[in-house]
């Protein structure tokens, strides 16, 4: 039995699911409030903005991809396997890539190098950004209150390793989900 997660968005300030978020409107982080709001496109000149959200499960397709990857942890590369962690943490690449193809390749692709965050870290994290809403979409995050969110802005816009053709792992996800 699977847990119904959708739609699921996390507040980037308190990292709580949006339904539990009490942050409300906050001082605009771009113009820093009412003194300099005339030209701010983020708050439309109000000096306050709603906290940015990150989509973890934006729709039914994302839900299906997350369920499939949890049920098939063997798709993880050996270096990312951790017995004590949600398998999604090691499957961000095929999750992002499969969803990218499900959404007709309309999302922007981002890759975060953990070494850019801290010199003692290694590896990468893949996620998407919706070009219409500018909301980050990260199917590789567990949907739980207080989850540590990656510093999305540190990532760089990239293409997938296989370009616009799905990798073997993403193609397996897409093929198996199409059969269901």
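Key figures
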quantity	calculated
Spacing of the two label points (7 Å from each Cα toward its C-beta) at residue 153 and residue 89, in nm	2.6
Label-point gap, in nm, between residue 120 and residue 81 - each point 7 angstrom along Cα→Cβ	2.7
At R0 = 22 Å, FRET efficiency that the Cβ-Cβ distance of residue 16 and residue 60 yields, to 0.05	0.40
Cα gyration tensor shape of segment 53-179, rounded if a/c is under 1.5, else prolate or oblate by comparing a/b with b/c	rounded
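Laboratory data are not the source of any read-out in this text; all were calculated from the coordinates shown. None of these values were measured; they are calculated from a predicted model. Here the Cβ is made from the backbone with ideal geometry for all residues, glycine too, and neighbour counts use every protein chain on show.
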